[in-house]
Amino acid sequence: MWVPIVVGVAVALVAITAWIGIRGFLAKGELEAAVPLAGVVQSELIAGDAAAAQKTFASLDQHASAAASLTSDPIWRFGEIVPFVGPNLTVVRELASVVNQVSGQAIKPLVSAAGHLDVGSFKPVDGTIQLQPLMDAAPDISAAAEALASANDRVVAIDASASIPLLQAAAVQLQDAVLEANEVALSVDRAVQLLPAMLGADGARNYLVLFQNPAELRSGGGIPGALALVHTDGGRIDLVQQASSTDFPAFEAPVLDVPTDTRGIYGDTIGQYIQNVTLTPRFPITADLAREMWKRQFGVDVDGVLSADPVMLAYLLEATGPVDVGAGEQLTSENAVRVLLSDVYARYTVPSDQDAFFAAAAAAVFSKLSSGQLDAPKLISAVTRAGAEGRALIWSARPEEQTLLAGTTLAGELPVSDSDTQHFGVYLNDGTGSKMDYYLTPELKVGQAVCRNDGLVTIATQLTLTSTAPADAATSLPGYVTGAGAFGVPPGIIRTVVRIYGPPGSVNLGATSPAEGFAMYLAEDDTYPVTIFTIDLAPGESVTATTTMLAPARFAGEVAAVITPGINTPETSQMLMTC
């Protein structure tokens, strides 16, 4: 009596196994075909080939839909409850579902948006960027960004720990890909929301541009030696005024109420001198102060403040090609940093002549950009790279726009830590009163170790500063570069004031260095513990200082750091810490 039943069950199990196996094999093939096509669509969209992107998307969507269908029928779901096999089937189904969601809900609207917008839409024509394509594409891009955010939440929630290594690796790969796509989509979504308004779609705007000079470092990048007023209206961009830091007075008192912590660390001078508004790494404070100073000096209440530096300028020159700056001189992507931050001081000994050269260079690059004589993909790449490095910063006087900027690298805020990553901020300020930071090379390492019975995690930064100045810098370099001892620093010496910001909630243990006479003190800036010390470097000398803090015992993630974007900005590396 039981034999037919047992045989029947066995046959059913074999059939189910075969069904699942065949569908799993087919789904694997569909997924392997679908995933690479997403990259192809991206490349075609960047190249501006909307027709090719539409065709590739159709194939991608077909494969993604098939993979999701093959892994979602009742028999497959039944197989998910089977021990050992089930967790693998669950992961395959969840991966296929996410790929299908990304295809249908994210890539599809992006391909649709390509009908209104392509990379060339960001290219000015006769000084004007066409705003209508940006506004037409906005709904599709917003839908794609929302879908990718949802897909990112779903793929992060996939638990592949009980599946085979192959599926674990596939889950990680998809998580990384969706995370990257999500970040890009958020950036593009913000851009199409912000750009039309900022470019005057709803009325004329004025923006103050700070050109930070990293040859004289400030936490935000460098001293704002050159400034400009840019006017936008209906997509048209005009450079209407240029100024130098020498055009501003020393205000008797800070022009605005500066936060108490900021004044305690950087002094009242941050609000009295245009050259010092970038002492703080908090760009919203910098921008607010610069805006007020410009208003007091020139009577224009600007709608926002932008920041750039010569390294970003070099990136932009990769898109525009060389520009003429007069007297037979050309700026190129290869020579811009050297010419603007070193050669100019050897060539012109009078500061006003230096200012005139900087103004001519800025005007020449602006003219080339606004004329549309550029490679649009390279332009986007240049701005993206500069933003990631903290060289391109934006602040808007309009709260709704500033809210969109918040949390991006363009906002210039202090680094945010969480349970996954503890972030340090490493900020460098010139103490020489000169342009010697052209010869400053930093090296930065971070690390962690658990060395205490209470489980608190010791997290650390190791900063090494090296002077590459010539041995005879005191006499071979112009006094304007060395400072000529005007601020008590011997010519040829590079003095750097270092401020290390630790994660809020961490306990500051201070800093140590083998350097003779090394001293440090502790402070706090808006809940961030701050370690402050000064390093003097003779030509060719290197000095290392290590800062340590204690993070909560529950922290089990990574340690990372951001550093002032100078001429030579290092990649942060990991150091091995022992107890």
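The values are calculated or read from the model by the stated rules, or taken from the named source; none is laboratory data. Predicted model, so just to flag it, every value in this text is computed and none were measured. A quick note on method: Cβ atoms are made from the backbone with ideal geometry, for glycine too, and the neighbour counts reach across all protein chains shown.
Observations on the structure shown:
- Qualifying residue in segment 422-433 (condition: closer than 30 Å to M198 by Cβ, of a type in the set (G, A, S) and not assigned by TED's automatic domain parsing to the domain that holds L289): yes
- Residue satisfying all of: in segment 306-338; among the small types (G, A, S) and outside any helix (DSSP H, G or I); surrounded by the most Cβ atoms within 10 Å (Cβ to Cβ) among these: S307
- Residue, surrounded by the fewest Cβ atoms within 10 Å (Cβ to Cβ), within segment 235-266, restricted to residues that are without any contact (Cβ under 8 Å) to a residue 12 or more places away in the chain and charged (D, E, K, R): D257
- Any hit, segment 102-112, residues being farther than 19 Å from A181 by Cβ, assigned by TED's automatic domain parsing to the domain that holds E32 and not hydroxyl-bearing (S, T, Y): no
- For first residues located in segment 418-438 and within 30 Å of R338 (Cα to Cα), partners that are of a type in the set (K, R) and modelled with pLDDT of 95 or more and lie 6+ apart or on another chain with Cβ distances below 6 Å form the pairs Y427/R499; N429/R218; G431/R495; T432/R495.
- Helices (runs of 4 or more DSSP H) contained in segment 69-173 and holding at least 1 residues among the aliphatic types (A, V, I, L, M), at pLDDT 85 or above and touching a helix residue (DSSP H, G or I) at 6+ places or on another chain (Cβ under 8 Å): 132-156
- T408 meets each of the listed conditions (1) polar (S, T, N, Q); (2) over 26 Å from Q275 (Cα atoms); (3) out of contact with any strand residue (DSSP E or B) (no Cβ under 8 Å at 6 or more places or on another chain) apart from (2).
- Selection status of S187, under 22 Å from A376 (Cβ atoms) and hydroxyl-bearing (S, T, Y): yes
- Failed condition for P377, given (1) of a type outside the set (A, V, I, L, M, F, W, C); (2) at pLDDT below 85; (3) more than 21 Å from E183 (Cβ to Cβ): (3)
- Top-ranked residue of segment 425-468 - restricted to ones that are basic (K, R) and farther than 14 Å from M575 by Cα, ranked as surrounded by the most Cβ atoms within 10 Å (Cβ to Cβ): K435
- Count of residues meeting criterion [among the hydrophobic types (A, V, I, L, M, F, W, C), modelled with pLDDT of 95 or more and either surrounded by fewer than 19 Cβ atoms within 10 Å (Cβ to Cβ) or part of a loop (DSSP other than H, G, I, E, B) (or both)] in segment 538-559: 1
- Residue under evaluation G387, criteria (1) within 30 Å of L331 (Cα to Cα); (2) under 23 Å from the mean Cα position of the chain (by Cα); (3) crowded, with 21+ Cβ neighbours inside 10 Å, criterion not met: (3)
- Restricting attention to segment 376-427, the residues that are among the aliphatic types (A, V, I, L, M) and not in a helix (DSSP H, G or I) add up to 8.
- For D343: the one exception among (1) under 21 Å from T232 (Cα atoms); (2) assigned to a helix (DSSP H, G or I): (1)
- Members of segment 178-221 that are surrounded by fewer than 24 Cβ atoms within 10 Å (Cβ to Cβ), touching a Gly at 6+ places or on another chain (Cβ under 9 Å) and part of a strand (DSSP E or B): R205, N206, Y207
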